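> Please see the structure below; I have some questions.
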Amino acid sequence: MKIGIVYKKEKIKDKNIVSALIQKFQSFGCAVKIIHSGAELNGVDTAVVLGGDGALIYAAVIAAQQGIRVVGVNHGTLGFLCEFDAKDTLSAADLICGEHTVLPRSVLKITLDGREYYALNEVILQRDYARPYGNQVAEFSLLMNGAKVQDYIADGLTIATPTGSTAYSLSAGGCILAPDVQAFIATPVCPLGLRAKPFVVSDTGKFSFDLSRQDKDLKLCADGRILGNVNKNSRVCIEKAPFTADFITRDINRLFYNVNKKLLK
């Protein structure tokens with residue numbers, strides 16, 4: 001088995017921890033590759049990501065496209081998606097080389113004017129917060145499989161996977177979905193009026209937008225990065241990717257432990 005250890009040097013306070021982790025994997029007969037950038041994430045069976053949720057999400061999307069499994073060890077702040085805290089870094093080797101469960105997490109495929117992107121957490125259509133003038137609200141309609149779901153006047157709308165249901169969507173008022181639920185949640189961000197509420201739908205459908213009422217550019221973002229500007233002539237499609245992000249875990253129900261330990265503070 002070949003293991004990739006993914007980390008940024010400035011994020012690891014204990015400089016000996018990587019060496020100790022390498023030795024632990026080698027004791028199990030594993031080959032180890034050190035990875036400092038997404039472009040290097042190839043040729044391994046499993047990636048151990050030493051960092052926070054942001055680093056894990058970024059690496060997991062790249063790994064998912066290559067069939068590489070991931071394990072997160074929190075060397076960041078919250079570490080909600082991470083399997084271990086920093087003090088238990090070496091336990092990642094015991095888990096990977098011992099008995100474990102693989103939790104497949106849904107990934108979003110986003111097509112913007114013919115260009116494809118992927119996201120583990122969510123896609124957000126939002127107003128341009130940097131615009132210093134003009135209409136400061138987004139007006140659009142959400143469609144599913146070509147049929148209109150609802151009209152929105154809001155700051156934006158997030159479409160999240162079960163993994164992303166505990167991120168921006170939750171802050172905007174959405175509910176939590178267990179990671180093995182085959183569904184997406186659409187959550188409006190600061191909507192005008194009381195009719196626009198979050199809703200959960202099957203992940204077999206395709207989302208798109210009617211932007212004909214929008215006279216200013218909006219922003220389309222995925223997992224915290226801007227994909228580009230969107231206007232009334234843009235074509236956006238959001239659907240389930242043909243692959244999953246496979247997380248190695250001790251317990252498929254660990255979500256509830258993390259919610260109680262890290263979100264209910």
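> Work through the residues other than K15 whose Cβ is under 14 Å from its Cβ and net out their charges, Lys, Arg +1 and Asp, Glu -1.
+2
> Short version: ³J(HN,Hα) in whole Hz for each residue of the range 34-44, in order, from phi by Karplus 6.51 cos²θ - 1.76 cosθ + 1.60 (θ = phi - 60°), x for Gly and Pro, what are they?
Using θ = phi - 60°, the values come out as 8, 10, 10, 8, x, 5, 8, 7, 7, x, 10 Hz.
> Further, regarding this structure: Most fluctuating residue of F243, F28, F209 in a GNM of the chain with Cα springs under 10 Å: which is it?
Fluctuation is largest for F28.
> What FRET efficiency comes out for N229 versus M1 if R0 is 35 angstrom and r is the Cβ-Cβ distance? Round to the nearest 0.05. It would help to have the intermediate numbers written out before the result.
Numbers: r = 44 Å, r/R0 = 1.25.
Here the calculated transfer efficiency is 0.20.
> Moving to a separate point now. For labels at I34 and T111 in the simple 7 Å Cα→Cβ model, what's the distance in nm?
In this crude label model, I34 to T111 measures out at 4.2 nm.
> Can you report the principal axis dimensions of the range 184-265 using only the alpha carbons, biggest first, rounded to whole angstrom?
49, 34, 25
> Might you report the magnitude of the Cβ-based charge dipole of the range 2-99 about its Cα centre, with Lys and Arg at +1 and Asp and Glu at -1, to the nearest 20 debye?
Details: 10 positive and 10 negative charges, 70 e Å.
So the magnitude is around 340 debye.
> What are the chymotrypsin sites (Phe, Trp or Tyr not before Pro) within the range 83-170 that DSSP puts in a loop, where the Cβ has at most 11 other Cβ atoms within 10 Å? If you can, show how the numbers build up before the last one.
On the way: sites: F84, Y117, Y118, Y129, Y133, F140, Y152, Y168; in loops: Y129, Y133.
Loop-located and lightly packed - Y129, Y133.
> While we're on this one: Need one number: % antiparallel among DSSP beta bridges in the chain, to the nearest 5.
75
> Could you work out how far helix 53-64 tilts from the main Cα principal axis of the chain, as a 0 to 90 degree angle to the nearest 10?
With both axes taken from Cα atoms, the answer is about 90 degrees.
> Between V181 and A86, what length comes free when the chain is fully extended (0.36 nm per residue of separation minus the Cα-Cα distance, one decimal in nm)? Before the final figure, lay out each step's value.
Details: separation 95, 0.36 × 95 = 34.20 nm, distance 2.89 nm.
Additional length available on full extension: 31.3 nm.
> Now, a different point. Can you list residues from other chains, or at least 5 along the same chain, whose modelled amide H is less than 5 Å from the amide H of D246?
Residues meeting the criterion, in which the H sits 1.01 Å from N, are V70, R105.
> Quick one: compute a quarter of the convex hull surface over the Cα atoms of the range 22-88 and quote it in nm². Provide the component values of the computation, followed by the final result.
Working: hull surface 18.0 nm².
About 4.5 nm², averaged over all directions.
> So the label point goes 7 Å from the Cα of D45 along Cα→C-beta, right? Which residues of the range 87-115 then have their backbone N under 15 Å from it?
Residues 93-102 qualify, since their backbone N sits under 15 Å from the label point.
> Between N260 and K15, what is the label-to-label distance in nm when each label sits 7 Å out along the Cα-to-Cβ direction?
4.1
> Points 7 angstrom from Cα along the Cβ direction at L78 and R195: gap in nanometres?
Roughly 3.2 nm, to one decimal.
> May I pose another question? Roughly how big is the range 87-211's charge dipole about its Cα centre, with Cβ charges of +1 (Lys, Arg) and -1 (Asp, Glu), in debye to the nearest 20?
Values: 10 positive and 13 negative charges, 63 e Å.
For the range 87-211, the charge dipole is close to 300 debye.
> Sequence gap at least 6, Cα distance under 8 Å: using those rules, report the relative contact order of the chain to the nearest whole percent.
Working: 591 pairs, mean separation 51.6, N = 265.
Over the chain, the number comes to 19 percent.
> Here's something else I'd like to know. Tell me, what HN-Hα J-couplings in whole Hz come from the Karplus equation 6.51 cos²θ - 1.76 cosθ + 1.60 at θ = phi - 60° for each residue of the range 76-90, using x for Gly and Pro?
After applying 6.51 cos²θ - 1.76 cosθ + 1.60, I find x, 9, 7, x, 5, 8, 7, 7, 10, 7, 4, 5, 10, 3, 5 Hz.
> Something else: Return the label of the correct value of volume of the Cα convex hull per residue in Å³, as calculated from the structure shown, out of [x] 144; [y] 135; [z] 173.
This structure yields the entry labelled [y].
> Using θ = phi - 60° and the Karplus relation 6.51 cos²θ - 1.76 cosθ + 1.60, list the HN-Hα couplings for the range 206-222 in order, rounded to whole Hz, with x at every Gly or Pro.
With coefficients 6.51, -1.76 and 1.60, one gets 10, 8, 8, 10, 9, 10, 5, 8, 8, 9, 10, 5, 10, 10, 10, 10, 9 Hz.
Each reported figure results from applying straightforward, stated rules to the coordinates on display, with no laboratory input. Predicted model only: the values in this text are computed from it and were never measured. No Cβ is skipped: glycine too gets one built from the backbone with ideal geometry, and neighbour counts run over all protein chains shown.
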